[in-house]
Every structure is written in structure tokens, then in C-alpha cells.
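Since every read-out is calculated from the coordinates, none of them should be taken as a lab result. What you see is a predicted model, and the numbers here were worked out from it, not measured in a lab. Virtual Cβ from ideal backbone geometry, glycine too; neighbours counted across all protein chains shown.
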Amino acid sequence: MKIGLNLFKTNYLKFSIMNPNNLTKEYTNGEVTIVWQSGKCIHSANCVKNNPDVFHPKEKPWILPEASTTDKIIETIHKCPSGALSFYMNKKN
């Protein structure tokens, strides 16, 4: 287990135990950021079936958002049955 500094507060420091089976990762194409929560994923493969240009579960990184349009990415994320995939729009400069 990894220990990070932020969850459990003691008198001297804060720390958290990071579970490698419950990670949150973000991937962006500059316009939209895909958020993946591994602990929620039920491996339905809806993402792969609906947008195979972006989702490659056997590769690292497994999400390549620059390979698709933002609209197609959002459409795919809305089809995720577990809620493991979500997104937010990036602020324009």
C-alpha cells in the first residue's frame, strides 16, 4: 500500500492509504477531460465497443482521448453503466 499525505489527520501530519484497486485517473484531449474510477468499473466494455479509437484496455495508457471528437467521447461516457467514466470540460484560455 502507498501512503499519501491528505486523508487521516494526526497531530503531526495527514496521510491516506491509497488502494491500487480504487484509483482515479484523468485523460484529456485539451477540450474535455475523461475521469476514470477503477473501483467503480464493472468491465462491461461499453466504452471499447462504442469508441474503440479511444479505449484500449490492454494498453497503457488505455485511454487516448485525442483519437476522437469531444462529442463522441461524451456520448460514450454517457453509456457507461457503472459510472466509472465521467468527464468535465476544460476551461478555455
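A few points about this structure:
- 3J(HN,Hα) along region 57-73: x, 9, 10, 10, x, 8, 10, 10, x, 6, 8, 8, 7, 4, 4, 5, 4 Hz, from the Karplus curve 6.51 cos²θ - 1.76 cosθ + 1.60 with θ = phi - 60°, whole Hz, x for Gly and Pro.
- Order of ASP53, ASP71 under a 10 Å beta carbon neighbour criterion, fewest first: ASP71, ASP53
- When each of LYS58/LYS91; LYS40/LYS91; LYS25/LYS92; LYS49/LYS92 is checked by Cα-Cα distance, pairs over 24 Å: LYS58/LYS91; LYS40/LYS91; LYS49/LYS92
- Ordered by the number of other Cβ atoms lying within 10 Å of each residue's own Cβ, fewest first, LEU64, LEU85 fall into the sequence LEU64, LEU85.
- Two-decimal Rg to Rh for region 21-89 - Kirkwood Rh, Cα set: 0.91
- Within region 56-75, backbone nitrogen closer than 14 Å to the virtual label 7 Å beyond the Cα of LYS91 toward Cβ: none
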